[in-house]
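Below: the structure, in structure tokens.
The values are calculated or read from the model by the stated rules, or taken from the named source; none is laboratory data. Computed from a prediction, not measured in an experiment: that's the story for all the values here. Positions of Cβ are generated from backbone atoms using ideal geometry, with glycine treated the same way; all protein chains shown enter the neighbour counts. Keep in mind that these areas ignore ligands, DNA and RNA; they rest on the heavy atoms of the full protein, side chains included. Shrake-Rupley method; radii C 1.70, N 1.55, O 1.52, S 1.80 Å.
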Amino acid sequence: MQPTDREWLEALRELELDRPVRIMNVCGGHERSISMAGLRTAIPDNIELVPGPGCPVCICPEEDVYEAMQLALNEDIILVAFGDMLRVPVNVPKREPRSLEQAKAAGADIRPIASPGEAVRIATANPQKKVVFFAAGFETTTAPVAAMLAEGAPDNLLVLLSGRLTWPAVAMLLESETPGFDALIAPGHVSTVMGPEEWEFVAERHGLPCAVAGFRADTLLAAMYSVLRQLQEKKPFLDNCYPEVVRPGGNPEARAALEKTMRVVDANWRGVGTIPDSGYELRDAYAAHDARKHLPSYADDLRKRAGEMPPGCDCARVVLGKIYPNECRLYGVACTPRKPIGPCMVSDEGACRIWWSSGYRDNVSDESQSREAVG
Amino acid sequence: MCLAVPMQVRTVDGFNCVCEARGIEREVSLFMLQNENIEIGDHVLVHVGYAIQKVSEEQAADTWQLFDEVLAAEDSIHDVR
Ligand code: SF4
């Protein structure tokens, strides 16, 4: 019999940690399970659970969303994108459309899709038009885009690729002077696709405990127990607490499709900056499907920096686990899921939205400001 | 965007199959599981229309239990959206 949630909680309590420990997760799905199950209040006080860079929508560069909007508004194309990208805000002067949703309302042909297969169907049904697939996402989502291309996409289907790899953001944090966490829970479905081995560097190079977890409370608690035991024993390694689904080497076909169609390049993360080897670009053999090569660019250096985050929005620090969502001054005050200001409140995987919909309603920005002032 | 859902295979035609979960049917690509033997009745984890892993019936049921809890919790908070 597998231990129950209650037994895992009991085991965590019996560990008697001699100091507070911060465990980071880098997956919106993990954060959702943790928040919905109320694990933060159930576990001992000296274990902190920190949401890190786990939301692909939140870190998609502002200029890419802007580019997609401008292509849809100015070119004779159909733009398709995963539904959760449609409400992501960009910074533009008042009266100009601020999101793909508003560009659609202004007359652009923008269609939400739920799979690459739908993009193929729309392109096949509209052979006289260019269909641009704005494809943002982490490995789990980018691999299906790669598979779509590897299988052979229609000639009129172009990809505006904004794919990102998860582990390099964690590597960047670990190489910084203040990583802000003592152990890592590695993402379950990213590891299903890419293989758990990608996360070995956390223990091997940085000496931090690491465990891959699934999405139920018991596998998350098992991963927490694992990393805390590793800390106590001072023997960090990569544990796999989701072995039913996460197999060594990941999914070989998914990795082959990625390797065949895309190469890894340095890439910008919204509000964070460039992270080495953290993005995907189409290989030359697939240039015929590269929207960036066949359509004009609307990139504008003047608006680039100013456009990173909406004024007052602290998403960049939320994404890096530097502050909790409710430490942003706007959290729950000006910014709620009904009237979101930053991408972290727009996206279903954004920590701000997950916290709000899980019932965290207190804004503690004043307390945290004074805490920072005291040191 | 990274959360895959378990579905049951209903029909298979090359890389294309139709999968079902909770009464909803979807076209799913088996491209990434082409070296696995996938048969009608099997359960697979589906993400953006692609099956990324074969799972056991138990594993599928467990995951759906989690989704039901999450959805119920979200429904109970009326002003989410
Ligand atoms: S609460 Fe809103 S404004 Fe503040 S960080 Fe989150 S999304 Fe940005």
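A few remarks follow.
- The single condition from (1) under 27 Å from the mean Cα position of the chain (by Cα); (2) modelled with pLDDT of 95 or more that A:Val90 fails is (2).
- Test: residue in the stretch B:45-59 that is open to solvent by 30 Å² or more (accessible area, probe 1.4 Å), free of Cβ contacts under 8 Å to residues at least 40 places away in the same chain, away from chain A (no Cβ under 12 Å) and not in a strand (DSSP E or B): no
- Of all the listed residues (A:Arg292, A:Arg317, A:Arg329), the sole one being more than 8 Å from the ligand (Cβ to nearest atom) and basic (Lys, Arg) is A:Arg292.
- Of all residues in the stretch A:56-73, those that are open to solvent by 10 Å² or more (accessible area, probe 1.4 Å) and in contact (Cβ under 8 Å) with a residue 40 or more places away in the chain total 5.
- Hey, A:Pro248 closer than 20 Å to A:Val145 by Cβ, more than 12 Å from the ligand (Cβ to nearest atom), of a type outside the set (Asp, Glu) and within 14 Å of another protein chain (Cβ to nearest Cβ) or not: no
- Residue match in the stretch A:101-124 (condition: under 25 Å from A:Gly271 (Cβ atoms), open to solvent by 10 Å² or more (accessible area, probe 1.4 Å), away from chain B (no Cβ under 14 Å) and within 21 Å of the chain's Cα centre (by Cα)): no
- Scanning the stretch B:12-37 for residues that are assigned to a loop (DSSP other than H, G, I, E, B) and either under 15 Å from A:Ala257 (Cα atoms) or modelled with pLDDT of 95 or more (or both) yields B:Phe15, B:Leu30, B:Gln34, B:Asn35.
- Selection of first residues in the stretch A:348-364 that are more than 8 Å from every other protein chain (Cβ to nearest Cβ) and touching a residue at least 60 places away in the same chain (Cβ under 8 Å) and of second residues that are away from the ligand (no atom under 13 Å from the Cβ) and of a type in the set (S, T, N, Q), restricted to Cβ pairs under 9 Å at least 6 apart or on distinct chains, gives the following pairs, ordered by first then second residue: A:Ala351/A:Ser35; A:Ile354/A:Ser35; A:Trp355/A:Ser35; A:Tyr360/A:Ser35.
- Annotation: A:Arg338 fulfils all but one of (1) within 14 Å of another protein chain (Cβ to nearest Cβ); (2) part of a loop (DSSP other than H, G, I, E, B); (3) surrounded by 13 or more Cβ atoms within 10 Å (Cβ to Cβ); the unmet one is (3).
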